Amino acid sequence: MTIPTVTLNDGVTMPQIGFGVFQVPGAETTAAVSSALEAGYRSIDTAAAYRNETGVGQALAQSGLARDDLFVTTKLWNTDQGRDNARPALEASLERLGLDRVDLYLIHWPAPGRGLFAETWEAFEELRASGLTRSIGVSNFLPEHLDAIIALGGPVPAVNQIEVHPELQQRSVQDAGALHGIVTEAWSPLAQAGVLGDPVVAEIAAAHGRTPAQVVLRWHLEQGRVVIPKSVTPSRIAENLAITDFTLTSDEVTRIDGLEAGRRTGPDPATFNG
């Protein structure tokens, strides 16, 4: 299986399909990530806040895969924002992961009430320059947060990881990123399974002989987004990756686009401060 890739605005190549471990208990993480790597995933997305970086690192070490064949993302938690805190936080994540660098490091939330994401971004520039991460980006940033980062005049985020699924498409956020070559990465790409029973999705899935999850993930890929579906069931882990051998029609994409409902499964970045 050939996993499609996207080239980030800093020239780094990133797999378009990754494996997410949000809400995967620490005790189950190593087995889940091992199943994902066996299925063919090479991109793993974790975060300090998930409290499972150690389990991810154990799976990576046990896999026997070359480090250069892996793409590992982790994130800085809100309480670690600030110029002096970013490096120690990343170093702690690296220790838990058993790595000397990650491929992508993200500011997990803008946490606007803390007022620290801009200076945190400047610290991120230094982390990249020091080789502790290949790329730097943000997560859950709205257009006004992106504007504040870009106004600093330094590197532009390579990725903005946001909640995107058929019922919450955040087109204004995606468009704001696209203006600066920022790749949108979708977390909760299946709305925590909330869209899988939708009649439109079910009808399209039946027409292709695919599962509803595969159809929704394919919808993301065809619009250029990176996706990081999560599961702890080996068969579903493999199923979520098997989406590269079919395409949706333009009408089918439009019909799924029409499911927009403004429904979040997570916090609102405009007010969430952690």
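Of the candidates Asp69, Asp84, Asp80, Asp100, the single residue that is under 22 Å from Glu185 (Cα atoms) and at pLDDT 95 or above is Asp69. If you check Ser172, Ser135, Ser130 for being of a type outside the set (A, V, I, L, M, F, W, C), touching a strand residue (DSSP E or B) at 6+ places or on another chain (Cβ under 6 Å) and either more than 26 Å from Ala191 (Cα to Cα) or touching a residue at least 12 places away in the same chain (Cβ under 8 Å) (or both), only one passes: Ser135. For the structure I just gave you, tell me whether Leu37 is assigned to a helix (DSSP H, G or I) and touching a helix residue (DSSP H, G or I) at 6+ places or on another chain (Cβ under 7 Å). Yes: the conditions hold for Leu37.
Can you find a residue that is closer than 20 Å to Val183 by Cβ, of a type in the set (S, T, N, Q) and surrounded by 24 or more Cβ atoms within 10 Å (Cβ to Cβ) anywhere in region 90-109? Within region 90-109 (the criterion being closer than 20 Å to Val183 by Cβ, of a type in the set (S, T, N, Q) and surrounded by 24 or more Cβ atoms within 10 Å (Cβ to Cβ)), the answer is no, since none of the residues qualifies.
Would you say Leu90 is under 18 Å from the mean Cα position of the chain (by Cα) and more than 23 Å from Glu163 (Cα to Cα)? Yes.
Might you check whether a residue that is modelled with pLDDT of 95 or more, within 15 Å of the chain's Cα centre (by Cα) and basic (Lys, Arg) occurs anywhere in region 34-44? Looking through region 34-44, at least one residue is modelled with pLDDT of 95 or more, within 15 Å of the chain's Cα centre (by Cα) and basic (Lys, Arg). The single condition from (1) surrounded by fewer than 20 Cβ atoms within 10 Å (Cβ to Cβ); (2) farther than 25 Å from Ala191 by Cβ; (3) in contact (Cβ under 8 Å) with a residue 60 or more places away in the chain that Gly64 fails is (3). Out of His208, His220, one residue alone is closer than 30 Å to Asp147 by Cβ, surrounded by 15 or more Cβ atoms within 10 Å (Cβ to Cβ) and either over 22 Å from the mean Cα position of the chain (by Cα) or not hydrophobic (A, V, I, L, M, F, W, C) (or both). It is His220.
Checking Asn85, Asn160 one by one, the residue that is farther than 18 Å from Ile228 by Cβ, of a type in the set (S, T, N, Q) and without any contact (Cβ under 8 Å) to a residue 40 or more places away in the chain is Asn85 and no other.
The rows are residues; the columns are (1) surrounded by 15 or more Cβ atoms within 10 Å (Cβ to Cβ); (2) among the charged types (D, E, K, R); (3) over 24 Å from Gly115 (Cα atoms).
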| residue | (1), (2), (3) |
| --- | --- |
| Phe141 | yes, no, no |
| Ala151 | no, no, no |
| Asn160 | yes, no, no |
| Val164 | yes, no, yes |
| Ser172 | no, no, no |
| Leu196 | yes, no, yes |
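As a summary of the residue check, Arg255 satisfies the conditions (1) buried (at least 16 other Cβ atoms within 10 Å of the Cβ); (2) within 18 Å of Gly18 (Cα to Cα) except for the one numbered (2).
The values are calculated or read from the model by the stated rules, or taken from the named source; none is laboratory data. Worth saying up front: this structure is predicted, and the values here are computed from it rather than measured. Cβ sites come from the backbone with ideal geometry, for glycine too, and all protein chains shown count toward neighbours.
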